[in-house]
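Everything on this sheet refers to the single structure shown next.
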Amino acid sequence: MDHKDSKRIVITANTSWYLFNFRMGLLKELIRQDFSVYAVAPKDEYVRPLENLGIIFYDLKINSKGTNFTEDIFIIRDYIKIFKKIKPHLILSNTIKPNIYGNFAAQFLKIPVINTVSGLGTIFIKKTFSSYIGRLLYFISFHKTNWVFFQNSTDRDLFIQGRLVNCKFSSVIAGSGVDTHKFYFNRSANKGKVFLFAGRLLGDKGIREYIEAAKKIIKADNSITFIIIGELGSNNNTAISSVELNEWLENPQIIYKGKTNDIISELIKADVMVLPSYREGLSKSLIEAAAMKLPIITTNVPGCRDVVIHGQNGYLCKVKDSDDLYLKMIEMIKLTETERIEMGEFGRNIAVNKFDEKIVISHYLEKIALLVKN
């Protein structure tokens, strides 16, 4: 297809990894519908699989964790240069800095934008000068955006109350969704012996609470294994150090498997998913676990509690409370195998009816159809 003749859509985020892991279903559908798709993000090892789909990639330098707003002004300049080359009919923007600085560039060039707020980050958690500036930038950049998708209603309410977004031009979608055909396992057994934490190794993900609760259980029961899967050394001020991780791994029942591109295999081998996160947009690891019929233990916070009906497909525990997490783990262990299997079945139904990626993609396509005119 001649890209000049087709409708051009840019999708942008602070990492190519994000686009590959969270937007692949949407990207495939856009290509299937004959859109010319351009990805704008920092270059990493996930560029090649994106290009293999037929996506045209543009490298953009973003320090995703930096808070130097003077330095970030250059991101706007780079976005403008790239957008002028592509001349897109629409921009799909994800993650904080693309949402802010990509919007400034799009407004300058009068290009319509659909933003997705997948998490609030420290801008809304901490009260510092940097967070004040961050909220101000959101206010300015979202003032003329065409639509904002949020991944949980709490985040949307915060933006509306802070007058950062117009309620008439925003809505809530079920995260990035999950491919319920790909993420499926006919779980006929669940011994409650293998607990799994899947996520970046950050303090904010509740990894320390997970380990503290695990150590308590291990003292009384040496038959239970606690698996950790996720990236170590993330550029985040709450990241776990390799020294701390190695201390945990001195216990043979705590196993770290690193980062994986085959999470399905790990979900098949697990009995219970645990994510004691302090806050999420909408946890992809939880909806994937639900689709794979795993009972879940997670915190009663936005983006986590949206996936679990307490006592039905898992348990909700108090945030930043390893003692309460321990009690919920013990409760899960004490269930009968049949009860754990039934919890998993209930979670599967939630994933299919609420979190299937087809539902999420349909919301995007509806807005895209309104903004990209023939």
**Q.** Matching option when the condition is surrounded by 24 or more Cβ atoms within 10 Å (Cβ to Cβ) and of a type in the set (S, T, N, Q), among S283, S265
**A.** S283
Q. Which number in (1) more than 16 Å from the chain's Cα centre (by Cα); (2) surrounded by 21 or more Cβ atoms within 10 Å (Cβ to Cβ) marks the one condition that D157 misses?
A. (2)
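Among K191, K219, which is modelled with pLDDT of 95 or more and either assigned to a loop (DSSP other than H, G, I, E, B) or in the same structural domain as G281 (by TED's automatic domain parsing) (or both)?
That would be K191, the only listed residue that is modelled with pLDDT of 95 or more and either assigned to a loop (DSSP other than H, G, I, E, B) or in the same structural domain as G281 (by TED's automatic domain parsing) (or both).
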Q | Lone unmet requirement of (1) buried (at least 21 other Cβ atoms within 10 Å of the Cβ); (2) under 22 Å from T336 (Cα atoms) for G311 | A | (1)
Q: Run down N251, N261, N246 and say which single residue is under 22 Å from T15 (Cβ atoms) and either touching a strand residue (DSSP E or B) at 6+ places or on another chain (Cβ under 7 Å) or among the polar types (S, T, N, Q) (or both).
A: N261
Q: Please give the helices (runs of 4 or more DSSP H) falling wholly within the range 1-85 in which 1 or more residues are touching a Pro at 6+ places or on another chain (Cβ under 8 Å) and at pLDDT below 95.
A: 16-22
**Q.** Top-ranked residue in the range 303-356 [being of a type in the set (G, A, S) and out of contact with any helix residue (DSSP H, G or I) (no Cβ under 7 Å at 6 or more places or on another chain); ranked as modelled with the lowest pLDDT]
**A.** G303
Q. Is at least one residue of the range 267-275 under 21 Å from S153 (Cβ atoms), in contact with a Lys or Arg (Cβ under 9 Å, 6 or more places away or on another chain) and either in contact (Cβ under 8 Å) with a residue 40 or more places away in the chain or not acidic (D, E) (or both)?
A. yes
Q. What about Y132, is it without any contact (Cβ under 8 Å) to a residue 60 or more places away in the chain, surrounded by 16 or more Cβ atoms within 10 Å (Cβ to Cβ) and not small (G, A, S)?
A. no
Q | Top-ranked residue of the range 268-280 - restricted to ones that are within 14 Å of the chain's Cα centre (by Cα) and not in a strand (DSSP E or B), ranked as surrounded by the most Cβ atoms within 10 Å (Cβ to Cβ) | A | E280
Q: For the range 286-301, indicate whether the set of residues that are surrounded by fewer than 24 Cβ atoms within 10 Å (Cβ to Cβ), of a type outside the set (A, V, I, L, M, F, W, C) and part of a loop (DSSP other than H, G, I, E, B) is non-empty.
A: yes
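The values are calculated or read from the model by the stated rules, or taken from the named source; none is laboratory data. What you see is a predicted model; the values in this text were computed from it and never measured. We place every Cβ from the backbone using ideal geometry, glycine too, and count neighbours over all the protein chains shown.
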